[in-house]
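Have a look at the structure below, then the notes.
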Amino acid sequence: MLGEGIVKGLAETARNFIGSYVEEERLTTVEYPEERLPAKEAARNFPFLVFDGDDPHAGLRCVACQICEKECPPQCIYIEKSKDKKPDYVGKPQLYPAVFDIDVSVCMSCQICVEVCPFDAIKMDTEFELSNTDRFGALLLDKHRLARSNVYYHKIHSTEAAEVDSHLAAEKAKIEAKAKADAEAKAKAATAKSPAPPAPKSTVPAI
């Protein structure tokens, strides 16, 4: 029938228009900021640094490898390596960032820094209320302002955080098992190399 497509389109538009007033799930207007929609788990805005435990310095996962700094398209990440080392999550001494800055006024939220990080140390935040009168200083975030606990990471990206924790736990168990096997092998080698005790002398008199 001539014009059937137009009629169907108008009917769909009318259904959506009326439904937006009477169907509760279609009432899209939210009285922000008094009312807020929960952020989707896959939402992302600007990066943050993950730390384990309660100490942002001791638990910081970042080892200052600078891969994210090199791969960042707008070059908004600046890192300086530390002179000393601290133990990572498996106890291995690692460098850490003495300086880690991100200029969020330049960041394009592309998530490349997250994808290239081999230590699961940098993730994407969902916070978006960052308006400030200080355009430069307030939007240049240092490592203290970037640090967020693993608990916070679980809160905003629960599925992804659980997968990361499982991966890190498996890596830690693998390293510990290897260290235990190496220690046992060294102990066996040391035992094999030790000289056998001399045989006791006979006290039976010769006939």
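Since every read-out is calculated from the coordinates, none of them should be taken as a lab result. From a predicted model like this one, the values you see are computed outputs, not experimental measurements. Please note: Cβ atoms are built from the backbone with ideal geometry, for glycine as well, and neighbour counts cover all protein chains shown.
Rounding to the nearest 20 debye, state how big the charge dipole of region 111-160 is about its Cα centre with +1 on each Lys and Arg Cβ and -1 on each Asp and Glu Cβ.
Values: 6 positive and 8 negative charges, 27 e Å.
Result for region 111-160 is approximately 120 debye, rounded to the nearest 20.
Residues with amide H under 5 Å of Ala98's amide H, sequence separation 5 or more or different chain, H placed in the peptide plane at 1.01 Å from N; which?
Glu80, Lys81, Ser82
If Rh is defined by the Kirkwood formula over all Cα pairs and Rg also comes from Cα, what ratio Rg/Rh do you get for region 47-127? Working shown, then result.
On the way: Rg = 12.4 Å, Rh = 13.0 Å.
Here the Rg-to-Rh quotient is 0.95.
So for the chain, taking the charge dipole from beta-carbon charges (+1 Lys/Arg, -1 Asp/Glu), which of Gly53, Phe17, Ala187 sits furthest toward the positive end?
The residue sitting most towards the positive pole is Ala187.
Name the long-range amide H neighbours of Phe46: under 5 Å, sequence gap of 5 or more, or other chain; modelled H, no Pro or chain starts.
Asp125, Glu127
Which entries of Lys40/Lys86; Lys92/Lys123; Lys85/Lys172; Lys143/Lys180 show an alpha-carbon separation above 25 angstrom in the structure shown?
Details: Lys40/Lys86 35 Å; Lys92/Lys123 22 Å; Lys85/Lys172 19 Å; Lys143/Lys180 35 Å.
Over 25 Å Cα-Cα: Lys40/Lys86; Lys143/Lys180.
Quote the FRET efficiency, to the nearest 0.05, computed for Arg15 versus Ala173 with a Förster distance R0 of 45 Å and r equal to the Cβ-Cβ distance.
0.20
About its Cα centre, how strong a charge dipole does the chain have in debye, to the nearest 20, once Lys and Arg get +1 and Asp and Glu get -1 at the Cβ?
On the way: 27 positive and 33 negative charges, 350 e Å.
Result for the chain is approximately 1680 debye, rounded to the nearest 20.
How big is the dipole moment of region 47-163 about its Cα centre under a simple scheme where the beta carbon of each Lys and Arg is +1, that of each Asp and Glu is -1, and everything else is neutral? Debye, nearest 20, please. Walk me through the numbers before you get to the answer.
Details: 13 positive and 19 negative charges, 66 e Å.
So the dipole magnitude of region 47-163 works out to roughly 320 debye.
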